[in-house]
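Peer 1: Once you've had a glance at the structure underneath, I'll fire off some questions.
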Amino acid sequence: METAILVAIFISGLLVSFTGLYTAFGQPSQQLRDPFEEHGD
């Protein structure tokens, strides 16, 4: 593959990873609900 394609894929992967981590552990995570915690018996 061309170097430019590999770099573009790598940067896209990093962007998706950081977005997912920020959503899971960052500021927006406080608004997420936990369905398992809601139905704890």
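The values are calculated or read from the model by the stated rules, or taken from the named source; none is laboratory data. What you are looking at is a predicted structure, and each value in this text was computed from that prediction instead of being measured. When we count neighbours, we look across all protein chains shown, and the Cβ atoms used for this are built from the backbone with ideal geometry, even at glycine.
Peer 1: Hey, Pro28 hits all of (1) surrounded by 10 or more Cβ atoms within 10 Å (Cβ to Cβ); (2) modelled with pLDDT under 75; (3) over 15 Å from the mean Cα position of the chain (by Cα) but one; which does it fall short on?
Peer 2: Checking Pro28 against (1) surrounded by 10 or more Cβ atoms within 10 Å (Cβ to Cβ); (2) modelled with pLDDT under 75; (3) over 15 Å from the mean Cα position of the chain (by Cα), the one that fails is (3).
Peer 1: On the given criteria, is Ile9 loosely packed, with under 10 Cβ neighbours inside 10 Å, out of contact with any helix residue (DSSP H, G or I) (no Cβ under 6 Å at 6 or more places or on another chain) and assigned to a helix (DSSP H, G or I)?
Peer 2: Judged against the criteria, Ile9 is not a match.
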